[in-house]
There are 2 protein chains.
Amino acid sequence: MPKLPIDSFATAIMSSSKAAASRTMSVRSRSMQVSASAKSKALSYESINHAVRNAEYAVRGAIPIRAEQLKLILDKDPGSLPFKKIIHCNIGNPQALKQKPVTFFRQVVSLCTNPDLLKEENREDVLKLYPEDAIERAHKYFEKGGTVSTGAYTHSQGMPVIRESVAKFVEERDGFPTSPDRLFLTNGASAGVQMILNLLSANPKVGVMIPIPQYPLYSATMAMVNGTAVPYYLDESLGWSISIPELERAKEEAENLCVSTKALVIINPGNPTGQCLTWDQMENIIKFCHRNSLVLMADEVYQANIYNDDLPFHSFRKVLKSMPMQFQDLELISFHSTSKGMIGECGMRGGYMHLTNIEPDVQAEIYKCCSIQLCPNVPGQIMTDLMINPPKEGDASYQTFKDENNTILESLKRRAAKLVTAFNSMENITCEPSSGAMYAFPNIALPQRAIDAAADHNVKPDAFYCLQLLEETGVCTVPGSGFKQVPGTFHFRATFLPLEEDFDHFIGLISDFNTKFMEKYRSE
Amino acid sequence: MPKLPIDSFATAIMSSSKAAASRTMSVRSRSMQVSASAKSKALSYESINHAVRNAEYAVRGAIPIRAEQLKLILDKDPGSLPFKKIIHCNIGNPQALKQKPVTFFRQVVSLCTNPDLLKEENREDVLKLYPEDAIERAHKYFEKGGTVSTGAYTHSQGMPVIRESVAKFVEERDGFPTSPDRLFLTNGASAGVQMILNLLSANPKVGVMIPIPQYPLYSATMAMVNGTAVPYYLDESLGWSISIPELERAKEEAENLCVSTKALVIINPGNPTGQCLTWDQMENIIKFCHRNSLVLMADEVYQANIYNDDLPFHSFRKVLKSMPMQFQDLELISFHSTSKGMIGECGMRGGYMHLTNIEPDVQAEIYKCCSIQLCPNVPGQIMTDLMINPPKEGDASYQTFKDENNTILESLKRRAAKLVTAFNSMENITCEPSSGAMYAFPNIALPQRAIDAAADHNVKPDAFYCLQLLEETGVCTVPGSGFKQVPGTFHFRATFLPLEEDFDHFIGLISDFNTKFMEKYRSE
């Protein structure tokens, strides 16, 4: 049996089975309300929208919740646990792990937020703290942007001046023009993905193909909108690649269950798997979608997180536009975000989606959904513009920006390789390379005794591993079961975001833990 | 017939019937794609989620869209229309109409966004631009707040330090304590409302009672989540009051249609109607909810917009907590926002919801929904804290804050009264007082000839009035049909947000237009 105190395990298990956990809690709370009338509640776990209940989201699920509890214990009594701090590797949240924000970007948002800084009378004092080009940029959003304040609702698709800028970025990146009218700024990419999945899911007979392993936003949202997630498996033995026969198989299997697939989700670079698609693979995926009349949903939020020079990022839009005429009516929705890349501005909740070949009457419905939510947050809109339109050569801030960007990129590259190498050196662990994104997704060959022990504790085997890792080292990860995986295989996702100076220590923690774990559970 | 060019009308009508409009457009776009294969699209207006199609949202609907078109015309050719600019009175967006943001609030958000400003080495220069208490406040979010950057995802419910602060605010406002665990920070109030309505709506047989007239977020969201909106009418003859017999009638009518009502929405102060509830009315509403096991959803986003000293704001939570023990298990969810009040920070998308007596297992599901969206935007979270925790007596910024706040409040008070009085002096128009919120909702007794002319143009009669008002004066309002109203009555909603120095001109525009309109359509 694990040497963990059974209490902490019980708590964690309880949180992992939310229904059981919260039912327990609710019994407690009911008993405290004996003095009020005993009538039944209008909102009970049993009576709420089942589609909401069916959604699962492990990235902030049982293990991160347990990590929060441990943090509170550490805050109160720092010496009471076998570690000094929680290392949050469960989520791609670079600035929470002390990655420095890009100076120019923050300067501009800060200037936009305080209109007094843009007044002529303060110029001299402001120039002591801000470079000229940041001030100039801030003015852009007010003068030409037609926005009078970051505190005003904007156009529901986002500020026109920023959509124009994004359209220019897309054109320069892909070599094909687009229109600002086809762009929708969003509160992070997630908001856009949720809106589109809701739009697609007319009923449970409508399927959306999602990769396994996947970022659980997709499965959770498909559950919440009462559509059907049609899983296709990435091939771990080929570096988590996508094979067309597997896509065909998945689609056919869905059809056999009378589920009609409407869309295909591709996450490129992959999350949690870190693979990057080649041009050829992308062409084949486009042909598959076209042949089967599927909307292609391209989650490209990690497009700047590229660590292998042989696998550069191509947008699906670029590949599509470069293909023969017969494919040019493919419906494509591409997503981008300020949360990832070198800027990692997760808290700003910025991003955009880009519609290609979407019918105008469908776009009108998307616009309506956006308008009900009024508009995406304005600082996030400005951050989106900054991300795709950073200082250029010759600008006062260019050198600083370039240095900051390269420092982060080169460091992430080194950390990705280092973590993958470390995993591959650990007993019973193998790990495919991380060519992109922010994660390693190692495969753990769990000994049967560990699987049995997990069953004794009523947790999934990979959750058992991750929970013990957390309890013994403070390293917080997400079990592969949270992303789904080939049955019988076990993984976990860890970001490689701890700062480089802490990285050897971080790897040492996992490595030592794994050695002890495997010793304890190694089959005789 | 109206003297408007039929072209502009056609465009507006087309946009008002989105289906027709966009189908027309889609035919056009298809014909431009003849060279691509002619296969049918995966995403068509016919095939998408019908629940999305069924949603209507007039606040940013046909008339505001027409206003945007007119703005483009003015930008190109300023002399081509009978007015010089569009006056956007369709939406409560104060800063778009040049209301000044509160200085202290913006200073703090600006400081938080640019971490260099909080460095000791810059302190001297920063003090030339920022007061001491703003700097101190900014530090609060980083040091005690446990947040390392506004660019990091926070706790999915929002930063603990801010939820503690909101809990203190609620306690001071109501005289009853609450826990930060019961608070969820949101991207504006709308995001919270949408999440709760989705949670409630297990199936179309579940009803949520909404006021008529209502803010159309409610009807639109109920359509999108496939629940049933159960309308109850506000009594215009009694200043848009809420009567218990009408609530009983509405509930019974729903039951006769086999719809089981689960919740009651109250907007107080009212939107679009501007009424404020008395303590007694609120007690009776609570008793009604309790008797019928309804969740009370209290939309209190206008709680600071109070213009009649005899009708002060009381939160539903305060009234509930002051009632006898037998009512103390009422389920209550209260909403607040940074978009309204004196600060009007719409673009920041800040707000919170507060759960009272919600079962812990249901709260766990709400938490899960929040976690899928990761977290509300951080600048909006900080703005929420600033709103409910402004400078206090003795703070360096107190006097400025107090002056700014009072200036806006007093001005809004004057403008509310002035607009209502003006409406009541216009032919065929009556208007109940605006005791709160940001809107007047006048009743227009439309002559039969106007109703007939509207039918000739295939628009609703009040939309016909609002469209002509827009085309002739540039004043953009929302027809009562967008909020729903007693059949056969006609209204429109206008904000009283144009700046005070422009206010007489603004009233003159409406008044002159109304005179001409009534002259033209007056029944013989």
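The values are calculated or read from the model by the stated rules, or taken from the named source; none is laboratory data. Keep in mind it's a predicted model, so treat the numbers as computed, not measured. Virtual Cβ from ideal backbone geometry, glycine too; neighbours counted across all protein chains shown. Only protein heavy atoms, including side chains, enter the accessible area calculation; ligands, DNA and RNA are left aside. Shrake-Rupley method; radii C 1.70, N 1.55, O 1.52, S 1.80 Å.
Look at the alpha carbon pairs under 8 Å that are at least 6 residues apart: their mean separation over the length of segment B:160-388 gives a relative contact order of 23 percent. Report, in listed order, any pair from B:71/B:98; A:321/B:41; A:119/B:98; B:84/B:484; A:140/B:84 with a Cα-Cα distance greater than 20 Å. From B:71/B:98; A:321/B:41; A:119/B:98; B:84/B:484; A:140/B:84, over 20 Å: B:84/B:484; A:140/B:84. Counting only residues at least eight positions apart within a chain, or on another chain, the lysines with an alpha carbon under 16 Å from that of residue A:251 are A:205, A:262, A:287. With respect to chain B, whose longest principal axis is taken over its alpha-carbon atoms, helix B:500-521 is tilted by about 30°. Placing a label point 7 Å from the Cα of residue B:237 along the Cα-to-Cβ direction, no residue of segment B:261-283 has its backbone N under 12 Å from that point.
If you count the DSSP beta bridges with both ends in the protein assembly as shown, what percent of them are antiparallel, to the nearest 5? Taking every DSSP beta bridge within the protein assembly as shown, about 45 percent pair in antiparallel fashion. Shown in residue order for segment A:275-280 are the 3J(HN,Hα) couplings computed by the Karplus curve 6.51 cos²θ - 1.76 cosθ + 1.60 at θ = phi - 60°: 7, 10, 7, 8, 4, 4 Hz (x for Gly and Pro).
The tail of the calculated P(r) for segment B:115-227, taken as Cα-Cα distances beyond 25 Å, holds 49 percent of the pairs.
Residue by residue along A:54-67, Cβ atoms of other protein chains within 10 Å of the local Cβ number 3 on average. Packing here is the average count of other Cβ atoms within 10 Å per residue, and on that basis the peptides A:384-393, A:462-471, A:90-99, B:66-75, highest first, run A:462-471, A:90-99, A:384-393, B:66-75.
Summed over both chains, the area buried between A and B is near 9400 Å², taken from the accessible surface of protein heavy atoms with a 1.4 Å probe.
Taking all protein chains into account, the per residue accessible area for segment B:304-435 stands at 30 Å² (1.4 Å probe).
The 3J(HN,Hα) values that the Karplus relation (6.51, -1.76, 1.60; θ = phi - 60°) gives for segment A:398-407 are, in residue order, 4, 4, 4, 4, 4, 4, 4, 4, 5, 4 Hz. Gly and Pro appear as x. Amide H contacts of residue B:91: B:495, each under 5 Å away and 5 or more positions distant or on a separate chain (H built 1.01 Å from N in the peptide plane; Pro and chain starts excluded).
Note that chain A shows a convex hull volume over its alpha carbon atoms of 191 Å³ per residue. The angle separating the long axis of helix A:360-372 from the principal Cα axis of greatest extent in chain A is about 70 degrees.
With the simple spin-label model, which puts each label point 7 Å out from Cα in the Cβ direction, the residue A:142 to residue A:310 separation comes to 5.2 nm.
Under 12 Å of direct C-alpha separation, and excluding same-chain neighbours fewer than eight residues apart, residue A:85 reaches these aspartates and glutamates: A:68, A:75, A:77, A:471, A:472. For the peptide B:112-125, the mean number of other protein chain Cβ atoms found within 10 angstrom of a residue's Cβ is 4. With respect to chain A, whose longest principal axis is taken over its alpha-carbon atoms, helix A:62-76 is tilted by about 90°. Taking amide H positions as modeled 1.01 Å from N, with prolines and chain starts lacking one, the residues under 5 Å from residue B:491 and 5 or more places away or on another chain are B:444, B:480, B:481.
Normalised by the number of residues in segment B:421-499, the mean separation of alpha-carbon contacts (under 8 Å, six or more apart) gives a relative contact order of 30 percent. Cross-link pairs exceeding 32 Å between alpha carbons, from the set A:100/B:402; B:318/B:340; A:76/A:418: A:100/B:402; A:76/A:418. Note on residue A:354: accessible area approximately 0 square angstrom, rounded to 10, probe 1.4 Å, nucleic acids and ligands left out.
Taken as Cα centroids, segment A:434-461 and segment B:263-342 sit 50 Å apart, rounded to the nearest whole angstrom. For chain B, relative contact order (Cα pairs under 8 Å, six or more residues apart, normalised by length) works out to 19 percent. Between the amide H of residue A:232 and those of A:210, A:212, distances stay under 5 Å, these residues lying 5 or more places away or on another chain, with hydrogens modeled in the peptide plane. Take each residue in B:193-206, count the other chain C-beta atoms within 10 Å of its C-beta, and the mean is 3.
Entry for the protein assembly as shown at q = 0.07, 0.08, 0.09 Å⁻¹: log10 I(q)/I(0) = -0.62, -0.82, -1.06, Debye formula applied to identical alpha-carbon scatterers, no solvent contribution.
Model label sites at residue A:511 and residue B:56, defined 7 Å from Cα along the beta-carbon direction, differ in position by 6.7 nm. Highest average first, the peptides A:177-183, B:154-160, B:164-170 ordered by how many other beta carbon atoms sit within 10 Å of their residues are B:154-160, B:164-170, A:177-183.
3J(HN,Hα) along segment B:233-248: 8, 7, 8, 4, 5, 10, x, 6, 7, 9, 10, 5, x, 5, 4, 4 Hz, from the Karplus curve 6.51 cos²θ - 1.76 cosθ + 1.60 with θ = phi - 60°, whole Hz, x for Gly and Pro.
Here segment B:229-337 carries DSSP beta bridges of which approximately 10% are antiparallel, counting only pairs with both residues inside. Spin-label model, residue B:181/residue A:257: points 7 Å from Cα along the beta carbon direction are separated by 3.7 nm. Straight-line reach from residue A:520: which lysines have a Cα under 19 Å away, not including same-chain ones fewer than 8 places off? In chain and number order, the partners are A:3, A:460. Restricting to segment B:160-388, what percent of DSSP beta bridges are antiparallel, rounded to 5? Percent antiparallel among DSSP bridges in segment B:160-388 is about 35.
Ignoring any ligand, DNA or RNA, what whole percent of the accessible area of chain A comes from carbon and sulfur when the probe is 1.4 angstrom? The C+S portion of the solvent-accessible surface of chain A is 53 percent.
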